[in-house]
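Below is one structure; the comments refer to it alone.
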Amino acid sequence: MRGTRKYKHVIETPDPGKWELAGYEETLPISEKSNPITRELDKADPIQLVQLLKDCDAEIFQEEDDSAVHYQRLYSESVLRTVADIAKRVQEVLKNPEDGLIVLSGCGTSGRLAMLLANSFNRLLKGLHKTPCYSYIISGGDRSIVSSQEAPEDNALMGEEELKKVCEGKRKVVYIGISCGLSAPFIAGQLDYCMRKLDVFLPVLVGFNPVNMARNDSIEGWQFTFRQVAERMQNLKDTQRAFILNPAVGPEGVSGSSRMKGGSATKILLETLFLFAHKAESNVAVTEGCLLEILRTYERAHKVTYSQSKKIAALMKQSATSLQKKSHLYIVGWGTLGVMGIMDAAECVPTFHAEWDDVRSFINGGYKTLENKEGDIGSTGPEFAISHEDFVKGVLPSLSETDTVLFIFTLDDDLSEVEKMVTQVKEKTSNVYAISHAIAGQYMPNSTKKMIPNIIGVTWPILFLEYEGAFIQKFQRELSTKWILNTVTTGAHVLKGKIFRNFMVDFKIGSSKLFQRAVTVLQRVTGHSQQRCTEALLQSIYGTQALCDQVKNAAISKHVEEAALKDKVLPTAIIILLRNCTLQESSARLQVSPTIRAAIESSLNVPGRKRGAESEESEGRSR
């Protein structure tokens, strides 16, 4: 493919950041680095927060430059060529759907996106009266769509077993394993299985680190590391028996939070790939320009979405106020925009150690609209009640003036239904907001406008496209909604004091990856050695000052199991190290501090405290 610079950028992307320079946090993969754009995220006001996260999202579309370190990017020729090559193999399955299958698999956000994309393209095929041939796998099963289930992602053998079940009897399978950081054992197990059955499987790995940055820790109960699996795939690339799709999109706005840029880039890449394959399969002439134009529609979506920055900031500020008052943000959505709400709410629990009902989302039609394989699992527990009826019965009676309710819909949805729900909510709270999507020429009825005082109205240009292309508008609306929700809930938790600089400092340690991330955060914030940081983390997990050999030598899975039952594990360890104090004193200080960030900030200023690299860099910036 020829270079892409002749295609003018739709948006201005930030200049290449410090993260692209040689030596910048070189021991960390790109997905775990701290983004220089957001180094002082915790000090930003709502307007600034939206701008900073907007700039981070724009890095997805940054083209290659002449910097010392060369990373392939979304628009790199090598990436576009790989997309086109995989699309050809997807076409083969589309031509013979009875014998074939396209499987998308992931953990957490990646698994939720796998479900969304599989359902979207099956719907596209049904509309053409063709046989659906997409399927999804999410580690932990359908419960993970609505509620965070981190532990299963560490099980490589479970990943293999799940893939076997889904593909039983199929003779041609395109398997797409999504792991943003090239790190999830669940996905590694599936990729390894595919490489042992290359007569049936074409394995594709999607992530956002170079292969040499793939996770290289040993996986409990398994013989390989993720990097070893990725390197074997790399050896198969030349013969096109395996593919790796891994453009660099830059570090996350909140370090390591791959629900944000990683999730958005996954959606952009795979929808582009599948749309390209479907257009070609429908005998539409497809060219390099066609592939680029699909990508550009997502770039335009960034511009359209963030043209509403002031209104997004207002919603963020109100959501933060509700959370600070120990109240709630409720999201009430329609169609696949409701699915985006379900995804965002589920992600807040592990990312910010939020309560399951701090941010909660509901969708019209419940599980029928969600289209998950296992059907209605609402009886599993209160957090799995996701229909509008569940909202009316379970939430509305106890809704208070300090709660915030956000409605998400398009002007093609049943607006009388929206108005009815808004009327009921306004009897309880005045904090009513909406995200509404319209096509140019569509106008919201005055009755709806009057009823909802705060509307983020996103208007899309009319696209004159064939059937497959018409799905682009739907995908744009979903991505736009994802960007808005990610920005609002991330910003609200920043304002609540859950972020220090741009580090997550109170996430749920629910997997081995998150255990290692916790140790890294401790090193970066406190400046202590890896050994001392691990020791403080274990003290916090097990609630004891003196660690016995049995605890020190236990497997990480044991530590993760124990950490899942505890609150404020990481913040407690941070204060222990910053103040060189006991576990009890650390817990007491966190108890009386207004926010976790405030407790860390005051501990950094203790006289005689050991200085870490992060604090020295921070001081250097302020000189």
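The values are calculated or read from the model by the stated rules, or taken from the named source; none is laboratory data. What you see is a predicted model; the values in this text were computed from it and never measured. Please note: Cβ atoms are built from the backbone with ideal geometry, for glycine as well, and neighbour counts cover all protein chains shown. What goes into the accessible areas is simple: the full protein's heavy atoms, side chains included, and nothing from ligands, DNA or RNA. Shrake-Rupley method; radii C 1.70, N 1.55, O 1.52, S 1.80 Å.
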Exercise for the section: Could you go through the stretch 563-578 in sequence order and give the Karplus-derived ³J(HN,Hα) for each residue, using 6.51 cos²θ - 1.76 cosθ + 1.60 with θ = phi - 60°, rounded to whole Hz, and x for Gly and Pro? Expected result: 5, 4, 8, 10, 9, 6, 5, 5, x, 4, 5, 4, 5, 3, 6, 5
Exercise for the section: Please work out the Cα center distance from the stretch 506-570 to the stretch 361-399, rounded to the nearest Å. Expected result: 35 Å
Exercise for the section: Would you mind telling me the share, in percent, of accessible area of the stretch 82-170 contributed by carbon and sulfur at probe 1.4 angstrom? Expected result: 47 percent
Handout entry: Phi to ³J(HN,Hα) by Karplus 6.51 cos²θ - 1.76 cosθ + 1.60 over the stretch 524-532, Hz, x for Gly, Pro
Key = 6, 7, 9, x, 7, 5, 4, 4, 5
Practice task
Report the charge-dipole magnitude of the chain in Debye, nearest 20, computed about the Cα centre from +1 at each Lys and Arg Cβ and -1 at each Asp and Glu Cβ.
Solution key: 620 debye
Practice task
Order the following by accessible area, largest value first: Arg89, Arg296, Arg241. Probe radius 1.4 Å; ligands, DNA and RNA are ignored.
Solution key: Arg241, Arg89, Arg296
Completion exercise
Of 230-240, 565-575, 476-486, 536-546, ordering from highest average Cβ density within 10 Å down gives 476-486, 565-575, 536-546, 230-240
Practice task
For the stretch 398-404, just list the computed ³J(HN,Hα) in residue order, Karplus coefficients 6.51, -1.76 and 1.60, θ = phi - 60°, integers in Hz, with x standing in for Gly and Pro.
Solution key: 9, 4, 10, 4, 8, 7, 10
Practice task
Provide the FRET efficiency to the nearest 0.05 for the Glu401-Glu98 pair, computing r from the beta carbons and using R0 = 60 Å.
Solution key: 0.60
Exercise for the section: Tell me which residues come under 5 Å, amide H to amide H, from Ile331 once H is placed; ignore anything under 5 positions away on its chain. Expected result: Arg360, Ser361, Phe362, Leu406
Completion exercise
With all protein chains present, the stretch 543-600 has a carbon and sulfur share of its accessible area (1.4 Å probe) in percent of 49 percent
Completion exercise
Placing each pseudo-label 7 Å from Cα in the direction of the beta carbon, Gln584 and Lys237 end up separated by a distance in nanometres of 5.6 nm
Exercise for the section: Could you check how much of the accessible area of the stretch 200-322 is carbon and sulfur, as a whole percent, using a 1.4 Å probe? Expected result: 47 percent
Completion exercise
Expressed in angstrom and ordered largest first, the alpha-carbon extents of the stretch 314-412 along the principal axes are 36, 33, 28
Completion exercise
Judged on accessible area alone, 1.4 Å probe, highest first, His353, His559, His70 line up as His70, His353, His559
Fill in the blank from the handout: For the stretch 179-288 (alpha-carbon point model, no solvent) the Debye-based log₁₀ I(q)/I(0) at q = 0.10, 0.20, 0.21 Å⁻¹ works out to -0.33, -1.12, -1.18
Completion exercise
For the stretch 334-485, shape from the Cα gyration tensor axes a ≥ b ≥ c, cut at a/c of 1.5 then a/b versus b/c, turns out oblate
Practice task
If a/c stays under 1.5 just call it rounded; otherwise compare a/b with b/c (prolate if a/b is bigger, oblate if not). Do that for the stretch 113-265, with a ≥ b ≥ c from the square roots of the Cα gyration tensor eigenvalues.
Solution key: rounded
Exercise for the section: Keeping all protein chains in position, work out how much accessible area His388 exposes to a 1.4 Å probe, and write it in Å² to the nearest 10. Expected result: 10 Å²
Handout entry: Potential extension, Leu21-Lys43 segment - 0.36 nm per residue separation minus Cα distance
Key = 5.4 nm
Exercise for the section: Taking every pair of alpha-carbon atoms in the stretch 169-226, give the share separated by more than 19 Å as a whole percent. Expected result: 31 percent
Practice task
Enter the accessible area per residue of the chain (Å², integer; probe 1.4 Å; all protein chains in place).
Solution key: 38 Å²
Practice task
Quick one: of Lys310/Lys496; Lys267/Lys368; Lys303/Lys513; Lys126/Lys420, which pairs are farther than 26 Å apart, Cα to Cα?
Solution key: Lys303/Lys513; Lys126/Lys420
Completion exercise
Looks like the stretch 451-511, by Cα gyration tensor root eigenvalues a ≥ b ≥ c and the a/c under 1.5 rounded cutoff (else prolate when a/b is bigger than b/c, oblate otherwise), is oblate
Completion exercise
Ratio for the chain, C-alpha Rg to 2.2 N^0.38 Å, reads 0.93
Exercise for the section: At a temperature of 4 °C and a viscosity of 1.567 mPa s, determine how fast the stretch 125-187 diffuses translationally according to Stokes-Einstein, using the Kirkwood radius over alpha-carbon pairs as Rh; express D in µm²/s, rounded to the nearest whole number. Expected result: 97 µm²/s
Fill in the blank from the handout: Expected unfolding gain across Cys548-Ser307 under the 0.36 nm per residue rule, minus the alpha-carbon gap, is 81.1 nm
Fill in the blank from the handout: Rounded to the nearest 10 Å², the 1.4 Å probe accessible area of Val69 is 40 Å²
Handout entry: Pairwise FRET efficiency - Lys566 versus Gln424, Cβ, R0 = 41 Å, nearest 0.05
Key = 0.60
Fill in the blank from the handout: Descending accessible area (1.4 Å probe), largest on the left, turns Val286, Val560 into Val286, Val560
Practice task
Output the peptides 515-526, 444-455 sorted from most to least packed, where packing is the average of other Cβ atoms within 10 Å over each peptide's residues.
Solution key: 515-526, 444-455
Problem - Ser593 accessible area, 1.4 Å probe, all protein chains in place, Å² to nearest 10 - result: 30 Å²
Handout entry: Against the rule of thumb 2.2 N^0.38 Å, how large the Cα Rg of the stretch 484-550 comes out
Key = 1.30
Practice task
Give, to the nearest whole percent, the P(r) tail of the stretch 64-124 beyond 15 angstrom, counting all Cα pairs.
Solution key: 67 percent
Completion exercise
Plugging the Cβ-Cβ distance of Gln531 and Gln591 into 1/(1 + (r/R0)^6) at R0 = 22 Å yields, to the nearest 0.05, a FRET efficiency of 0.20
Fill in the blank from the handout: For the stretch 237-325, one quarter of the surface area of the C-alpha convex hull, expressed in nm², comes to 9.0 nm²
